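Colleague: Pasting in a structure now, in structure tokens, and then I'll have a few things to ask.
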Amino acid sequence: MATGLADLVAGYHRFHDRYFVADHTLYEGLAQAGQSPLALVVGCCDSRVDPAILTDSRPGDLFVIRNVANLVPPCESGGLYHGTSAALEFGICDLGIPELIVLGHAQCGGIRALAEGVERPGSFISGWMQMAAPALSHARKAADGRPFRRACEQEAIRLSLDNLMTFPWIRERVERKMLTLHGWYFDLEAGELLRCDPQNGVFHAL
């Protein structure tokens with residue numbers, strides 16, 4: 001067995017003994033009663049930013065959707081596959097989750113690909129990241145002292161928050177105070193978690 005895979009298998013056995021067996025009541029309840037997450041998180045695929053570890057959450061606490069650059073597409077019915085939109089629908093309409101967090105981060109590879117371009121022919125990343133082109137444009141116009149890449153990453157979070165409101169079942173729940181949207185940004189280098197102020201869009205430390 002390859003070394004990396006062996007490490008993962010060994011990790012599973014540690015999990016089983018330390019957590020599943022030691023906290024079996026929690027898993028028994030999750031299995032019998034189903035899930036009732038505290039929050040839905042749209043996060044990035046980046047292996048360095050795990051929402052559950054970052055928030056020290058227990059199994060069942062978070063309903064996590066991960067994709068390149070933690071983007072939320074606008075609501076539309078064209079095309080064939082809508083993985084992020086389908087997961088949003090399930091989390092909000094079926095599970096009734098009351099908090100929705102778009103979690104971005106520093107050093108995002110997807111944002112770098114958007115800013116620098118991807119030269120591979122037929123790149124899926126390039127097509128996906130075009131969704132965030134308005135964030136790139138806003139970051140170029142910003143004059144608030146943020147480094148350009150950081151501005152792009154944070155503008156992409158704000159864009160996704162705007163796109164969330166294009167889904168009628170999200171907008172309705174927000175307007176009825178049944179759902180609250182949040183934009184968070186994790187600074188990998190400083191270990192700091194920032195929150196987007198819903199009034200002015202400025203990111204402040206939590």
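Colleague: Give the residues of the range 91-106 that are surrounded by fewer than 16 Cβ atoms within 10 Å (Cβ to Cβ) and of a type outside the set (D, E), sorted by residue number.
Modeller: C93, L95, G96, P98
Colleague: Given the options R158, R149, name the one that is of a type in the set (K, R) and either free of Cβ contacts under 8 Å to residues at least 12 places away in the same chain or more than 21 Å from P51 (Cβ to Cβ) (or both).
Modeller: R149 is the lone residue from the list that is of a type in the set (K, R) and either free of Cβ contacts under 8 Å to residues at least 12 places away in the same chain or more than 21 Å from P51 (Cβ to Cβ) (or both).
Colleague: Tell me which residues, restricted to the range 157-206, are of a type in the set (K, R) and surrounded by 12 or more Cβ atoms within 10 Å (Cβ to Cβ).
Modeller: R158, R171, R173, R195 - these are the residues of the range 157-206 that are of a type in the set (K, R) and surrounded by 12 or more Cβ atoms within 10 Å (Cβ to Cβ).
To keep it simple, each residue is scored yes or no on (1) assigned by TED's automatic domain parsing to the domain that holds Q199; (2) surrounded by fewer than 19 Cβ atoms within 10 Å (Cβ to Cβ); (3) modelled with pLDDT of 90 or more.
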site: C108; (1), (2), (3): yes, no, yes
site: I111; (1), (2), (3): yes, no, yes
site: E119; (1), (2), (3): yes, yes, no
site: I125; (1), (2), (3): yes, yes, yes
site: A133; (1), (2), (3): yes, yes, yes
site: G145; (1), (2), (3): yes, yes, no
site: E155; (1), (2), (3): yes, no, yes
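Colleague: Can you find, within the range 152-180, the residue that is farthest from G96 (Cα to Cα) among those that are more than 17 Å from the chain's Cα centre (by Cα) and aliphatic (A, V, I, L, M)?
Modeller: V174
Colleague: Among the numbered criteria (1) more than 25 Å from F63 (Cα to Cα); (2) in contact (Cβ under 8 Å) with a residue 60 or more places away in the chain; (3) of a type outside the set (F, W, Y), which one does L100 miss?
Modeller: Here L100 clears every test but (1).
Colleague: Within the range 47-64, is even one residue in contact with an Asp or Glu (Cβ under 8 Å, 6 or more places away or on another chain), crowded, with 20+ Cβ neighbours inside 10 Å and modelled with pLDDT of 95 or more?
Modeller: Checked against the condition, which is being in contact with an Asp or Glu (Cβ under 8 Å, 6 or more places away or on another chain), crowded, with 20+ Cβ neighbours inside 10 Å and modelled with pLDDT of 95 or more, the range 47-64 yields no hits at all.
Colleague: Further question on the same structure: Take V49 and decide whether it is in a strand (DSSP E or B), closer than 21 Å to G91 by Cβ and among the aliphatic types (A, V, I, L, M).
Modeller: No; evaluated as a whole, the condition is false for this residue.
Colleague: If you take the residues of the range 67-90 that are within 10 Å of the chain's Cα centre (by Cα) and farther than 19 Å from I170 by Cβ, which of them is surrounded by the fewest Cβ atoms within 10 Å (Cβ to Cβ)?
Modeller: V68
Colleague: How about the range 55-71: which of its residues are within 14 Å of A106 (Cα to Cα) and not polar (S, T, N, Q)?
Modeller: Residues satisfying the conditions are V68, A69.
The values are calculated or read from the model by the stated rules, or taken from the named source; none is laboratory data. Just so you know, these numbers come straight off a predicted model, no measurement behind them. Because the Cβ atoms are built from the backbone with ideal geometry, glycine has one as well, and the counts that use them run over all protein chains shown.
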